[in-house]
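Chemist: What follows is a single structure, and I will ask about it in a moment.
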Amino acid sequence: MELPFAESYKIKMVEPLRRSTREERIQWIKEAKYNLFNLRSDQVFIDLLTDSGTGAMSDRQWSALMMGDESYAGASSYFNLKESIQKIFGMEYFLPTHQGRAAENVLFSTLVKSGDIVPGNSHFDTTKGHIEFRHGKAVDCTIDEAFVTEMEHPFKGNIDLTKLEKVLSSYPAEKIPMIIITVTCNTSGGQPVSMKNIREVKEMAVKYGVPVCFDSARFAENAYFIKLREEGYQNKTIKEIVFEMYSYADMMTMSSKKDGIVNMGGFIALRSQQIFRDAAVYNIMFEGFITYGGMSGRDMNALAVGLMESTEFEYLETRIKQIEYLGQKLIEFGIPIQRPIGGHAVFIDAKKFLPSVPKEEYIAQTLAIEVYIEGGIRGVEIGTLLADRDPESRENRYPALELLRLAIPRRVYTNNHMDVIAVALKNVWDRRDNIKTGYKILYEAPIMRHFTVELDKI
């Protein structure tokens, strides 16, 4: 008999979780203005709001953290991180920042101007926000298959080359500061981008004289899917696949709180010395000196180790098999999810789950609230709230997909927790016909509104 799969780690430290009653949760979410971001952590039983900064570090990372060099300039921790980045991504220049959106802020301050066009595969909230804040336009060039949740396609994060070329041929190169490839593509359901697609995008970028930037938060998970799903990569290591992926990139932004497996940190890495020098000015203004940015020495040390750990197959197999475990449970219950199951999260198709809720009443947010009330499980809306309003018309943008994202922290929960999540979803699914109304907005910020929005029940 073949031995069953087991996690590639053992647990050294635990943190207690507080259970709550349904009545408490109904009151808490009302007091939070029906915004799950406003809940206290002790009001949540299983927290799937994000996989960003919520993972558990290894003993080796904790050891590295204790050896952190807190020198303002020239810290050994900086050079440890620089060495890891060069080994894994092959990029000579890098700037540390406190997280991914800070990396975007620094790089986009350098490159993005008013009227610029930035094509890519379903830009995530902060990426699109930083582009639109500078009066640029983010253009989605994702393949159409990404928006059909029940369709099985191995690389739903792929860029549609026809859509991309239409953008590149419609504007002069100086109006297109970069093409962004998000690996994996969060907004389309944690879906990977194939090596073939990355290579073809790079070829087109060279043709039109436009650089390629990788949004790299979940780069290792993307490499794992390439190894499993793309011909010719089965016998390559994750590190070999990552190195090839980034051979087609001119620059990258990184939220290290995901596949760096740290609680805080990010960076920019580049091939161009000139862009590095230009970006360094903004890094010093916004973040800190170029050898620490927004990071402490101890965090840089932990990240240097985390990048090496996240690019090991055994770690990735354990991480993604847990996502698959939850996804398969939901499929067995008949719950509509984005298929195939993504790398960092399971995405519920809220439109199919709650067909009676009007789109104007925020379908995915309605589902997220119901799941919280049911089981104390906090997910996040990837739908109309996140899509924001059109900068010109100020009307709601209604995306093709309304998704509830259940993002699984790295090395934190057991499969028993996954069983609880699945049953909570099943209970809501069984009473879905009784959920016919959603929510209205009482307050919203002009950009990236979903973080601080205040809602009321209709």
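Bear in mind these aren't lab numbers, they're just calculated from the coordinates by the rules spelled out. Note that the structure is a prediction, hence the values are computed from the model and not measured. We place every Cβ from the backbone using ideal geometry, glycine too, and count neighbours over all the protein chains shown.
Chemist: Between K175 and D430, with labels modelled 7 Å along Cα→Cβ, what's the label distance in nm to one decimal, could you check?
Modeler: Calculated label separation equals 5.7 nm.
Chemist: Regarding the stretch 318-458, what's the average projected area of the Cα-atom convex hull, expressed in nm²?
Modeler: 8.5
Chemist: Calculate how many DSSP beta bridges within the chain are antiparallel, expressed in % of all such bridges and rounded to the nearest 5.
Modeler: 65
Chemist: Kindly write out, for the stretch 122-127 in residue order, the coupling ³J(HN,Hα) from the Karplus curve 6.51 cos²θ - 1.76 cosθ + 1.60 (θ = phi - 60°), rounded to whole Hz, with x marking Gly and Pro.
Modeler: With the stated coefficients, the stretch 122-127 comes to 6, 3, 7, 4, 5, 4 Hz.
Chemist: A further question follows. For a protection proxy built on the mean count of beta-carbon atoms within 10 angstrom, sort 184-192, 231-239, 279-287 highest first, please.
Modeler: 184-192, 279-287, 231-239
Chemist: For D278, D144, what's the fewest-to-most ordering of other Cβ within 10 Å of each Cβ?
Modeler: Lowest count first: D144, D278.
Chemist: Net charge near Q43, counting Lys/Arg +1 and Asp/Glu -1 over other residues with Cβ under 15 Å of its Cβ?
Modeler: Combined, the nearby Lys, Arg, Asp and Glu give +2.
Chemist: One quarter of the convex hull surface, Cα atoms only: what value does that give for the stretch 393-458 in nm²?
Modeler: 6.9
Chemist: Only four residue types carry charge here, +1 at the Cβ of Lys and Arg and -1 at the Cβ of Asp and Glu. Report the dipole size of the chain about the Cα centre in Debye, rounded to the nearest 20.
Modeler: Dipole about the Cα centre, nearest 20: 300 debye.
Chemist: Using θ = phi - 60° and the Karplus curve 6.51 cos²θ - 1.76 cosθ + 1.60, what whole-Hz ³J(HN,Hα) does each residue of the stretch 262-275 get, with Gly and Pro shown as x?
Modeler: Ordered by residue, 3J(HN,Hα) equals 10, 8, 7, x, x, 6, 10, 10, 8, 9, 8, 5, 5, 5 Hz.
Chemist: Also, I was wondering about something else. For the stretch 10-60, what is the convex hull volume of the alpha-carbon atoms per residue, in Å³?
Modeler: Convex hull volume per residue, Cα atoms: 93 Å³.
Chemist: A follow-up question, please. Per q in 0.13 1/Å, what log10 I(q)/I(0) does a Debye calculation on the alpha-carbon atoms of the chain return?
Modeler: The calculated log intensity ratios at q = 0.13 Å⁻¹ are -1.24.
Chemist: Give or take rounding to whole Å, what are the principal axis extents of the alpha carbon atoms in the stretch 252-387, in descending order?
Modeler: Sorted from largest, the Cα extents of the stretch 252-387 read 53, 39, 28 Å.
Chemist: So, one more: Could you grab the Rg to Rh ratio for the stretch 59-310? Cα atoms only, Kirkwood for Rh.
Modeler: That ratio is 0.96, to two decimals.
Chemist: Can you list the HN-Hα couplings for the stretch 433-444, worked out from phi with the Karplus curve (6.51, -1.76, 1.60; θ = phi - 60°), rounded to whole Hz and with x for Gly and Pro?
Modeler: So the Karplus estimates, Gly and Pro as x, are 5, 8, 9, 10, 10, x, 9, 10, 7, 9, 8, 8 Hz.
Chemist: Quick one: Cα centre-to-centre distance for the stretch 295-337 and the stretch 243-263, in angstrom?
Modeler: Value for the Cα centre distance between the two parts: 15 Å.
Chemist: On to the next question. Pick out, from N186, A64, I261, the residue whose Cα sits farthest towards the positive end of the charge dipole of the stretch 59-310, with +1 on the Cβ of Lys and Arg and -1 on the Cβ of Asp and Glu.
Modeler: A64
Chemist: Work out how far the C-alpha atoms of the stretch 182-315 reach from end to end along every principal axis, then list the three figures in whole Å, largest first.
Modeler: 44, 39, 26
Chemist: Amide H to amide H, which residues 5 or more places from Y93 or on other chains are under 5 Å from it, using H placed in the peptide plane?
Modeler: Correct list: L270.
Chemist: Please report the antiparallel percentage of the DSSP beta bridges confined to the stretch 119-266, to the nearest 5.
Modeler: 25
Chemist: Rounded to the nearest Å, what's the spacing between the alpha carbon centres of the stretch 174-200 and the stretch 13-79? Just the number, please.
Modeler: The stretch 174-200 and the stretch 13-79 have Cα centres spaced 28 Å from each other.
Chemist: What ranking do 199-206, 348-355 get when scored by the average of other Cβ atoms within 10 Å per residue, highest first?
Modeler: Answer by packing, highest mean first, reads 348-355, 199-206.
Chemist: By average Cβ neighbour count within 10 Å, what is the ranking of 15-23, 175-183 from highest down?
Modeler: The peptides rank, most packed first, as 175-183, 15-23.
Chemist: Could you state the number of Å between the C-alpha centres of the stretch 94-135 and the stretch 398-458?
Modeler: Using only Cα atoms, the two centres lie 26 Å from each other.
Chemist: Please list, ordered by chain and number, the residues whose modelled amide H lies under 5 Å from the amide H of V112; skip anything fewer than 5 residues away on the same chain.
Modeler: none
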